[in-house]
Amino acid sequence: MDEIKNDQTTVEQGQSPEDQSPEVAALQAEIDKWKAMSRKNEERFKSASQELDGFRQSQMTDTEKAIEAARVEARSAALSEVGTRLVNAELRAASSAVGVTLPSAEFLNLGSFLDESGNPDSVRIEAFVSSLPKSGSGASYAQNIGLGRQGSPAAGQLTREDLSRMSPREINEARAAGKCDALLRGEI
């Protein structure tokens, strides 16, 4: 049994069939045979189920057929209503995850994002969301260029008049403290 497990790990690791031992090749052939038989049985079951449904339909009275049609119609209406809500929620979730802005729901045909069973089709939703342009999260340019003077440049700054009353040592201290910056830039 350990030999088979070791052989299976070599098969899983991607070795070519030529590198496999005969036991592993036989085991793989057996697996393939059972998979093919399983698929064949599934097809038989589907065809038998369809025949049974057809037989039941042929044996129904007109009243039973009308009741069954009403059930199918009510089920599809309920699924489409709930399905569109689910589609809307999935669209919002997918768009927020990607960082795009959705158009308003009134401009979207939410029914086109449903599959034949009435459930949201995630492949269509992902394709739609990925086709939307990314919304800019921030400006890509400096916000203060060309806006003129922002705030009061004289706040805490010395003027020429203040400098005329100061000693050279005080002027150098004020300059080191940054109190002459507006004057040096020519703003005052």
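Ser80 meets all of the listed conditions (1) open to solvent by 60 Å² or more (accessible area, probe 1.4 Å); (2) under 18 Å from Ile125 (Cβ atoms); (3) in contact with a helix residue (DSSP H, G or I) (Cβ under 8 Å, 6 or more places away or on another chain) but one, namely (1). Condition test on Asp32, is it acidic (Asp, Glu) and surrounded by 12 or more Cβ atoms within 10 Å (Cβ to Cβ)? Answer is no for this residue. Would you say Arg44 is at pLDDT 90 or above, assigned to a helix (DSSP H, G or I) and either open to solvent by 60 Å² or more (accessible area, probe 1.4 Å) or in contact with a Ser or Thr (Cβ under 7 Å, 6 or more places away or on another chain) (or both)? For Arg44, the condition - at pLDDT 90 or above, assigned to a helix (DSSP H, G or I) and either open to solvent by 60 Å² or more (accessible area, probe 1.4 Å) or in contact with a Ser or Thr (Cβ under 7 Å, 6 or more places away or on another chain) (or both) - is met.
For the condition surrounded by 10 or more Cβ atoms within 10 Å (Cβ to Cβ) and either at pLDDT 85 or above or of a type in the set (Val, Ile, Thr) (or both), Ala66 qualifies.
Given segment 94-188, what helices (runs of 4 or more DSSP H) lie entirely inside it while holding 2 or more residues that are modelled with pLDDT of 85 or more, within 30 Å of Ser80 (Cα to Cα) and open to solvent by less than 60 Å² (accessible area, probe 1.4 Å)? So that I can check it myself, show each step before the final result.
Numbers: elements: 122-131, 160-164, 168-177, 181-185.
The qualifying helices (runs of 4 or more DSSP H) are 122-131.
The values are calculated or read from the model by the stated rules, or taken from the named source; none is laboratory data. Keep in mind the model is a prediction, meaning the values are calculated, not measured. Note: ideal-geometry Cβ built from the backbone for every residue, glycine included; neighbour counts use all protein chains shown. Note: areas computed on protein heavy atoms with side chains; ligands, DNA, RNA excluded. Shrake-Rupley method; radii C 1.70, N 1.55, O 1.52, S 1.80 Å.
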